[in-house]
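Trainee: Below is the structure I would like to discuss, written out as structure tokens.
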Amino acid sequence: MPQRAEITATLRQQFDKVFLALQKHGFILLSDSNLPNVSRLAANEPFSGSWWSHPSARTIFAVNEMLEDHPDVLIMKLISEKVTFVHRDLWGRIYSIGVAREDWQTRNLSPAATRLLKKLDGDGWLQTNKLGAEFGPKPGETVRELEIRLLLHANQIHTESGAHAKVVETWDVWAERANFRARPKSPAAARRFLEERVAEVIAQFGGAARLPWPA
């Protein structure tokens, strides 16, 4: 894995371009064929295939790291279950949807996911590499089941052994950590707003996008 890059003037310029797009649209994907995304903007050109194999991979990686560290950026699986960077301007709506526990979020959860959600509600945060077998043979998959329904916030980390794991947290714990004053709004209004925003972006750039809730 590339090491954190030195923030040169050129890298700062690439980051500023990506962040400007994030501010404008409210969200930006890590990669996508059409919608605004970090990979294309940081590489200064459209391309197909994995960004890891692109000559600008180190720049793309560095911009991703800078976004992860930025206090106004939330990383989640919002658009088509892809890594999506969300600007603080939209956080209130994301939070309102996340804590609503609407039927589309809780219907037909697996037993392991139901147990994990109950434990998370009690503990506030958990680390997947420390979860027992009652949360499924692959706890990461159980987390993903909850993550794509916006029932929790998940953040990937490297453990001391070098393995990948996720830290998962309730939206209230995330809000406190992110220094975000959560004021729940109507989840229905929040969903409509995001649907309209995504539709505007699609109208401009083409492509398709799927939000977590039923159309």
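Trainee: Pull out a ≥ b ≥ c, the square roots of the eigenvalues of the alpha-carbon gyration tensor of the stretch 106-166, then state rounded if a/c is under 1.5, prolate if not and a/b is larger than b/c, and oblate in the remaining case. Mind dumping the intermediate values first?
Mentor: On the way: a/c = 1.76, a/b = 1.60, b/c = 1.10.
It comes out prolate by the Cα gyration axes.
Trainee: Pick out, from ALA163, PHE61, SER186, the residue whose Cα sits farthest towards the positive end of the charge dipole of the chain, with +1 on the Cβ of Lys and Arg and -1 on the Cβ of Asp and Glu.
Mentor: The listed residue farthest towards the positive side: SER186.
Trainee: Give me the dipole magnitude in Debye, nearest 20, for the chain about the Cα centre, with unit charges on the beta carbon: positive for Lys and Arg, negative for Asp and Glu. Each step should come with its number before you reach the end.
Mentor: On the way: 28 positive and 25 negative charges, 66 e Å.
I would put it at about 320 debye.
Trainee: How large is the dipole of the stretch 110-207 about the Cα centre if only Lys and Arg carry +1 and Asp and Glu carry -1, each at its Cβ, rounded to the nearest 20 debye? Don't jump to the answer; show the numbers that get you there.
Mentor: On the way: 15 positive and 13 negative charges, 39 e Å.
For this selection, approximately 180 debye.
Trainee: Still on this structure, please answer the following. For the stretch 32-121, what does the convex hull of the Cα positions come to per residue, in cubic angstrom? Walk me through the intermediate numbers first.
Mentor: Details: hull volume 13.4 nm³, N = 90.
Enclosed volume per residue, from the Cα hull, is 149 Å³.
Trainee: With a 1.4 Å probe and all protein chains in place, put HIS87, HIS164 in order of accessible area, largest first. Mind showing how you got there, number by number?
Mentor: Numbers: HIS87 15, HIS164 110 Å².
Ranked list, largest accessible area first: HIS164, HIS87.
Trainee: Based solely on its DSSP helices, what 222 nm [θ] is calculated for the chain when runs of n ≥ 4 H residues each add -39,500 (n - 2.57) and the sum is averaged over all residues, nearest 500 deg cm²/dmol?
Mentor: -13500 deg cm²/dmol
Trainee: Something else: For the stretch 114-207, taking Cα atoms only, what is the radius of gyration to one decimal and the Dmax to the nearest whole Å?
Mentor: That works out to 16.3, 46 Å for Rg and Dmax.
Trainee: Continuing with this model, one more query. Reported to two decimal places, what Rg/Rh ratio describes the chain when computed on Cα atoms with Rh from the Kirkwood expression? The partial results should precede the final answer.
Mentor: Numbers: Rg = 17.5 Å, Rh = 18.2 Å.
With Rh from the inverse mean 1/r over Cα pairs, Rg/Rh is 0.96.
Trainee: For LYS130, what accessible surface area do you get with a 1.4 Å probe? Give it in Å², rounded to 10.
Mentor: The value for LYS130 is about 150 Å².
Trainee: Please label the shape of the stretch 11-63 as rounded, prolate or oblate, based on the square roots a ≥ b ≥ c of the eigenvalues of the alpha-carbon gyration tensor (a/c under 1.5 means rounded; beyond that, a/b larger than b/c means prolate, else oblate). Could you put the intermediate results ahead of the total?
Mentor: Working: a/c = 2.22, a/b = 1.25, b/c = 1.77.
Oblate, because a/c is 1.5 or more while a/b does not exceed b/c.
Trainee: Could you please put THR59, THR114, THR128 in sequence from largest to smallest accessible area, using a 1.4 Å probe? Present the calculation step by step, with values, prior to reporting the outcome.
Mentor: Details: THR59 50, THR114 70, THR128 20 Å².
Reading off the accessible areas and sorting them downward yields THR114, THR59, THR128.
Trainee: Calculate the length of the line joining the C-alpha centroid of the stretch 59-76 to that of the stretch 174-194, in whole Å.
Mentor: After rounding, the separation between the Cα centres reads 20 Å.
The values are calculated or read from the model by the stated rules, or taken from the named source; none is laboratory data. Just so you know, these numbers come straight off a predicted model, no measurement behind them. Ideal geometry is used to build each Cβ from the backbone, glycine not excepted, and the neighbour counts take in all protein chains shown. These accessible areas exclude ligands, DNA and RNA; they are computed on the full protein's heavy atoms, side chains included. Shrake-Rupley method; radii C 1.70, N 1.55, O 1.52, S 1.80 Å.
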